[in-house]
Amino acid sequence: MVQKVYDVKGMTCDHCVQAVSSELNDLPGVKEVQVDLPTGKVTVTSEQPLDPASVAAAVDEAGYELVGGESR
């Protein structure tokens, strides 16, 4: 399993968390998504490394912005 942490800009409420989680969970191989709303950190656990463009597109589809790629 691979775990990556991303910074997502614009999330302010539980609805935001659900929207981002839903889009990221739809990516192939994603097993778990955890969102820390106060920090904007999104931890994604997947079977293999995810394509950064796919992660950015999923976050964009939810209506938010992936900031600077992965943070860790």
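The values are calculated or read from the model by the stated rules, or taken from the named source; none is laboratory data. Small disclaimer: the values here were computed from a predicted structure and weren't measured. Reconstructed Cβ throughout: ideal geometry from the backbone, glycine too, with neighbour counts over all protein chains shown. Each accessible area value is taken on the protein alone, full model and side chains, heavy atoms only, with ligands, DNA and RNA left out. Shrake-Rupley method; radii C 1.70, N 1.55, O 1.52, S 1.80 Å.
Per residue of the chain, the DSSP helices (runs of n ≥ 4 H) give a summed -39500 (n - 2.57) that works out to -10000 deg cm²/dmol at 222 nm. Model label sites at Thr39 and Glu65, defined 7 Å from Cα along the beta-carbon direction, differ in position by 2.1 nm.
Convex hull volume per residue, computed on the Cα atoms of the chain, equals 70 Å³.
Accessible area per residue for the chain, computed on protein heavy atoms with a 1.4 Å probe, is 58 Å².
Accessible surface of the stretch 1-64, 1.4 Å probe: 46 percent of it comes from carbon and sulfur atoms.
Between the Cα long axis of helix 52-62 and the first principal axis of the chain there is an angle of about 30°, rounded to the nearest 10. Pairing the Cα long axis of helix 14-25 with the longest principal axis of the chain, what angle in degrees results, from 0 to 90 and rounded to the nearest 10? The helix 14-25 is inclined about 20 degrees to the chain.
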